């Protein structure tokens with residue numbers, strides 16, 4: 001299998017590259033590295049089946065070789081990143097998706113879009129099934145990500161209907177694990193960084209807002225099953241183990257040996273979703289998949305990786 005992965009140097013994209021190469025695939029990783037990191041794919045440099053192309057997929061890309069699958073994972077994904085790069089986020093969700101679909105069309109390749117649970121916005125239906133249309137502020141600060149992904153889904157389905165592109169849409173819920181950036185602003189890496197450094201853990205509101213966190217290895221398995229399926233419309237990929245953010249903060253403290261950090265409460269950001277949990281009925285029925293790694297197991301693995309990453313950075 002010959003696969004083009006946009007955003008392949010990012011958190012999820014780099015783990016996908018690992019999995020595909022382990023299966024014997026040839027992988028072309030396309031990334032402009034504004035939020036992806038060369039460190040995420042350093043171990044793949046020199047691999048005969050791997051090639052990095054430094055390119056912004058929002059601009060047209062010529063791909064000389066045959067391609068069997070296009071996986072479109074390019075986009076800033078954390079609030080801190082997409083608020084820092086609002087125009088780039090909108091462009092990669094629109095023009096980037098258009099260019100990635102154009103490659104799939106030209107190569108007669110299958111196409112998988114990495115969408116997000118953020119298309120549901122601040123949901124009024126709970127848990128969120130794929131049939132729910134969402135509750136999104138189209139002009140709020142988070143809209144640059146939410147609406148970019150909603151447009152990307154619409155464009156993907158238009159190519160499926162108009163050009164018969166064989167499409168998949170993964171609505172990815174909160175994912176965590178090794179290779180996340182400690183400074184990306186998302187809850188788990190922020191909590192871990194603060195706990196490892198002995199800083200107060202920052203919880204917004206009263207910490208009663210809920211999230212459902214899926215460990216990266218589970219997510220990659222779900223993506224691979226979706227790739228091999230024949231489902232053209234959106235599928236939720238995540239973990240239905242819903243927890244309040246305050247509980248997550250306490251779980252992180254329990255996972256960091258010798259952690260003495262206290263918890264500080266700050267005002268909620270605008271349009272921050274109050275609850276987030278995937279309805280996994282369709283996923284379990286159509287893919288035969290559900291996560292197997294518990295939050296405790298995943299946090300232990302993630303804390304070990306971040307502790308090593310911090311030690312490496314401090315030694316340089």
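The values are calculated or read from the model by the stated rules, or taken from the named source; none is laboratory data. The structure presented is a predicted model; accordingly, all values stated were derived computationally and were not measured. Cβ: placed from backbone, ideal geometry, glycine included. Neighbour counts: every protein chain shown.
Residues that are assigned by TED's automatic domain parsing to the domain that holds residue 140, under 23 Å from residue 28 (Cα atoms), in contact with a strand residue (DSSP E or B) (Cβ under 6 Å, 6 or more places away or on another chain) and part of a helix (DSSP H, G or I) do occur in the stretch 104-124.
Would it be correct to say that residue 35 is within 22 Å of residue 174 (Cβ to Cβ) and in a helix (DSSP H, G or I)? The answer is no for residue 35.
Assess whether residue 260 counts as being under 20 Å from the mean Cα position of the chain (by Cα), assigned by TED's automatic domain parsing to the domain that holds residue 205 and touching a residue at least 60 places away in the same chain (Cβ under 8 Å). No, not satisfied.
The rows are residues; the columns are (1) modelled with pLDDT of 95 or more; (2) touching a helix residue (DSSP H, G or I) at 6+ places or on another chain (Cβ under 8 Å); (3) farther than 15 Å from residue 7 by Cα.
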| position | (1), (2), (3) |
| --- | --- |
| 92 | yes, yes, no |
| 101 | yes, yes, no |
| 122 | no, no, yes |
| 133 | yes, no, yes |
| 143 | yes, no, yes |
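So for the stretch 42-55 (the condition being in contact with a helix residue (DSSP H, G or I) (Cβ under 6 Å, 6 or more places away or on another chain), closer than 22 Å to residue 115 by Cβ and in contact (Cβ under 8 Å) with a residue 24 or more places away in the chain), does at least one residue qualify? No, there is no match, as no residue in the stretch 42-55 is in contact with a helix residue (DSSP H, G or I) (Cβ under 6 Å, 6 or more places away or on another chain), closer than 22 Å to residue 115 by Cβ and in contact (Cβ under 8 Å) with a residue 24 or more places away in the chain.
Is it fair to say residue 108 is surrounded by fewer than 17 Cβ atoms within 10 Å (Cβ to Cβ) and on the phi > 0 side of the Ramachandran plot? Here the answer is yes, as residue 108 does meet what is asked.
Only residues that are closer than 17 Å to residue 297 by Cβ and in a loop (DSSP other than H, G, I, E, B) were counted across the stretch 220-266, and they come to 6.
The condition of being surrounded by 19 or more Cβ atoms within 10 Å (Cβ to Cβ), farther than 30 Å from residue 158 by Cβ and not assigned by TED's automatic domain parsing to the domain that holds residue 143 holds for only one of 283, 302, that being 302. Residues that are at pLDDT 95 or above and either outside any loop (DSSP other than H, G, I, E, B) or outside the structural domain of residue 167 (by TED's automatic domain parsing) (or both) were ranked within the stretch 57-82; the one that is farthest from residue 150 (Cα to Cα) is 69.
Remark: residue 199 falls outside the filter, which requires a residue to be assigned to a helix (DSSP H, G or I) and surrounded by fewer than 20 Cβ atoms within 10 Å (Cβ to Cβ).
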